[in-house]
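Just so it is clear, none of the values below were taken in a lab; they were calculated from the coordinates. Quick caveat: nothing in here was measured; it's all calculated off a predicted structure. Please note: Cβ atoms are built from the backbone with ideal geometry, for glycine as well, and neighbour counts cover all protein chains shown.
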Amino acid sequence: MNDPGFKCAICGKPVGDSYVCLDRRTESLATSEQGEKVMTTVNIACCQTMFIYCSNPCWDAHAPNVAAELQVAKPYPSFGLIAPCSRCGGPVNRTVPYLNYTVSELKFIQTTPYLSAQCLDDRDFAILCTNCEEPDTELGAEASEILTTGEKQR
Ligand SMILES: [Zn+2]
Ligand SMILES: [Zn+2]
């Protein structure tokens, strides 16, 4: 993602107000009981945008290639704290960090003075067990935390 203009990975057109992106996330789920309901929280340790598309049709056109690249036979896994790995079918314990390739639909919103993006839709495309792919480490975040502490001590 070196191009600041955000061009579609498929048709090459600059993306408009809303766009679709494929993220590689290292995440884990946590549950907590709130009265009768069980709330699920997603903790994202690392997130890396791999591709940006101008629209859902462009993503749909690329999806088979991405699935082939990731060696995913059955994309869009079912939701659950234990779900089958999209590559080998083995169990993925989603309460410990694992890799999740997600497709998000985003919309730019102008909130002066910054331009930010609002998430309209977020779908799991493929989840991988730790045998298939190691989750990304949190080194980046830890390193910056240590750095901040170091600066405070100075
Ligand atoms: Zn496009
Ligand atoms: Zn697997």
Since Lys74 meets every condition but one in (1) out of contact with any strand residue (DSSP E or B) (no Cβ under 6 Å at 6 or more places or on another chain); (2) outside any loop (DSSP other than H, G, I, E, B); (3) surrounded by 12 or more Cβ atoms within 10 Å (Cβ to Cβ), which condition does it not meet? (2)
Please go through segment 84-118 and pick out each residue that is of a type in the set (A, V, I, L, M, F, W, C) and surrounded by fewer than 19 Cβ atoms within 10 Å (Cβ to Cβ). Cys88, Val96, Phe108, Ile109, Leu115, Ala117
Spot the failing condition for Asn100; the list is (1) without any contact (Cβ under 8 Å) to a residue 40 or more places away in the chain; (2) within 14 Å of ligand 2 (Cβ to nearest atom), and only one is missed. (1)
Kindly indicate whether any position in segment 49-71 is in a strand (DSSP E or B), in contact (Cβ under 8 Å) with a residue 60 or more places away in the chain and more than 16 Å from ligand 2 (Cβ to nearest atom). no
So which of Tyr19, Tyr53, Tyr101 is among the aromatic types (Phe, Trp, Tyr) and within 16 Å of Pro135 (Cβ to Cβ)? Tyr101
Taking segment 47-94 only, how many residues are of a type in the set (Asp, Glu) and away from ligand 1 (no atom under 15 Å from the Cβ)? 1
Out of curiosity, is Ile10 touching a residue at least 40 places away in the same chain (Cβ under 8 Å), assigned to a strand (DSSP E or B) and within 16 Å of ligand 1 (Cβ to nearest atom)? no
